[in-house]
């Protein structure tokens, strides 16, 4: 079968590096790191942990400030994209056809995000559902979607090579 049909059956893994910080007013906030910065800081953190383990030193929660969320995403086919777009159609007061961008973005996220490694307080896997996606901090969702778009669209250099 042609590679044209296989490209939308792929699953894409996207990692999000972040740190949980507490602001001066005591509010807990997620700070998203760039992929480059996150990989570097996470590797430094793992090297530090390894050295502590070799010395048999106690590893504290504060030794692991950088966390990683691993997510799985499906690549949309033309048909999937059209179904989402159709569900977002609306008409302006002037009678012109338009797309509700916020609904489109929401449906696209909830259609493409298929898995993650989020655990609840008891260590059980948290299922990916529209309701659990809605509970994520908006910064996390925006960052994941941006990374998904980058991964599925490819860089300008990659597009020019092909």
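The values are calculated or read from the model by the stated rules, or taken from the named source; none is laboratory data. These figures come from a predicted structure and were not determined experimentally. Every residue, glycine as well, gets a Cβ built from its backbone with ideal geometry; the counts of neighbours run over all protein chains shown.
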All positions within the range 129-145 that are part of a loop (DSSP other than H, G, I, E, B) and either closer than 23 Å to residue 28 by Cα or at pLDDT below 95 (or both): 136, 137
Criterion violated by residue 105 - all others in (1) in contact (Cβ under 8 Å) with a residue 40 or more places away in the chain; (2) surrounded by 14 or more Cβ atoms within 10 Å (Cβ to Cβ); (3) touching a strand residue (DSSP E or B) at 6+ places or on another chain (Cβ under 9 Å); (4) closer than 24 Å to residue 31 by Cβ satisfied: (3)
Any hit, the range 113-120, residues being part of a helix (DSSP H, G or I) and either within 18 Å of the chain's Cα centre (by Cα) or surrounded by 11 or more Cβ atoms within 10 Å (Cβ to Cβ) (or both): no
Flag for residue 83 being modelled with pLDDT of 90 or more and out of contact with any strand residue (DSSP E or B) (no Cβ under 7 Å at 6 or more places or on another chain): yes
Unmet criterion (only one of (1) out of contact with any strand residue (DSSP E or B) (no Cβ under 9 Å at 6 or more places or on another chain); (2) surrounded by 15 or more Cβ atoms within 10 Å (Cβ to Cβ)) for residue 77: (2)
Subset tally (residues that are surrounded by 12 or more Cβ atoms within 10 Å (Cβ to Cβ) and on the phi > 0 side of the Ramachandran plot) for the range 40-68: 0
Filtered residues of the range 20-32 (kept if surrounded by 15 or more Cβ atoms within 10 Å (Cβ to Cβ) and either over 14 Å from the mean Cα position of the chain (by Cα) or modelled with pLDDT of 95 or more (or both)): 32
